[in-house]
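Shown next, in structure tokens, is the structure this report addresses.
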Ligand code: MD3
Ligand code: FE
């Protein structure tokens, strides 16, 4: 089922389900090499979302700002490589939504627990706004929030469930978006958490 949220934004319900048996062991290896951490924003606030990355570039934040780096600042080592199954999933989803030849070089991995939220923001740290962003949701559900190109624009809410994939490109690439505080829940495979992968062309 493909649901259109906006001109260039699509929800592919359950698109990631066939990939889950391969995604979970790959995720376990990533978090072993680069553990989840709570980043601090330039404003000094600790993010409630825990984050790690895989791929050539990874997103980080500290008192000095937001940026993509080739190495994990916690370990000094390169971020774990992007598993082949991650790339296959991201490219298949992008193609399904009409974005051919998507070549992500970064995958942010967000971990939410009940109560965790992500405030309304734009993703503007990437070099190339022509490439789409592909988002994969696993585990307990979340209410995703998307607005317009100004923070004050009215927002819409979309529930995202285990296995859902969202593709944002074109005129919708810079929309404000966020995640409302997660409700309590248990997922049979992931327990009391939601994992979100976002695939980007950052460099
Ligand atoms: C709409 N993550 O990591 S994914 C993020 O569920 C982020 O963890 C959320 O926002 C999460 O930056 C939302 C869906 C998403 C991702 C990127 C977008 C929606 C987007 C970029 C532009 C517009
Ligand atoms: Fe975002």
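A few points about this structure:
- Residue within the range 163-172 that is on the phi > 0 side of the Ramachandran plot, in a loop (DSSP other than H, G, I, E, B) and surrounded by 15 or more Cβ atoms within 10 Å (Cβ to Cβ) present: yes
- Restricting attention to the range 131-156, the residues that are touching a helix residue (DSSP H, G or I) at 6+ places or on another chain (Cβ under 9 Å), within 9 Å of ligand 1 (Cβ to nearest atom) and farther than 17 Å from residue 170 by Cβ total 1.
- Leading residue by the ranking (nearest to the chain's Cα centre (by Cα)) among those in the range 191-203 that are away from ligand 2 (no atom under 16 Å from the Cβ) and either surrounded by fewer than 18 Cβ atoms within 10 Å (Cβ to Cβ) or in a strand (DSSP E or B) (or both): 203
- Here residue 157 meets each of (1) more than 14 Å from ligand 2 (Cβ to nearest atom); (2) under 26 Å from residue 85 (Cα atoms); (3) part of a strand (DSSP E or B) with one exception, condition (2).
- In the range 176-190 there is at least one residue matching the filter, namely being surrounded by fewer than 16 Cβ atoms within 10 Å (Cβ to Cβ), within 8 Å of ligand 1 (Cβ to nearest atom) and not in a loop (DSSP other than H, G, I, E, B).
- A search for C-beta distances below 6 Å between a residue of the range 181-199 that is without any contact (Cβ under 8 Å) to a residue 60 or more places away in the chain and any residue that is more than 15 Å from ligand 1 (Cβ to nearest atom) and assigned to a loop (DSSP other than H, G, I, E, B), counting only pairs 6+ apart in sequence or on different chains, returns 186/192.
- Any hit, the range 48-71, residues being surrounded by 16 or more Cβ atoms within 10 Å (Cβ to Cβ), farther than 28 Å from residue 147 by Cβ and in contact (Cβ under 8 Å) with a residue 60 or more places away in the chain: yes
- Per the listing 138, 108, the residue uniquely within 16 Å of ligand 2 (Cβ to nearest atom) and either touching a residue at least 40 places away in the same chain (Cβ under 8 Å) or more than 24 Å from residue 187 (Cα to Cα) (or both) is 108.
- When every residue of the range 69-91 is checked against the conditions, none turns out to be over 14 Å from the mean Cα position of the chain (by Cα), modelled with pLDDT of 95 or more and within 16 Å of ligand 2 (Cβ to nearest atom).
- Filtered by the rule that a residue be closer than 30 Å to residue 70 by Cβ and in contact with a helix residue (DSSP H, G or I) (Cβ under 9 Å, 6 or more places away or on another chain), the range 165-203 gives 165, 166, 167, 169, 190, 195, 197, 199.
The values are calculated or read from the model by the stated rules, or taken from the named source; none is laboratory data. From a predicted model like this one, the values you see are computed outputs, not experimental measurements. So basically every Cβ, Gly included, is an ideal-geometry build from the backbone, and we count neighbours across all protein chains shown.
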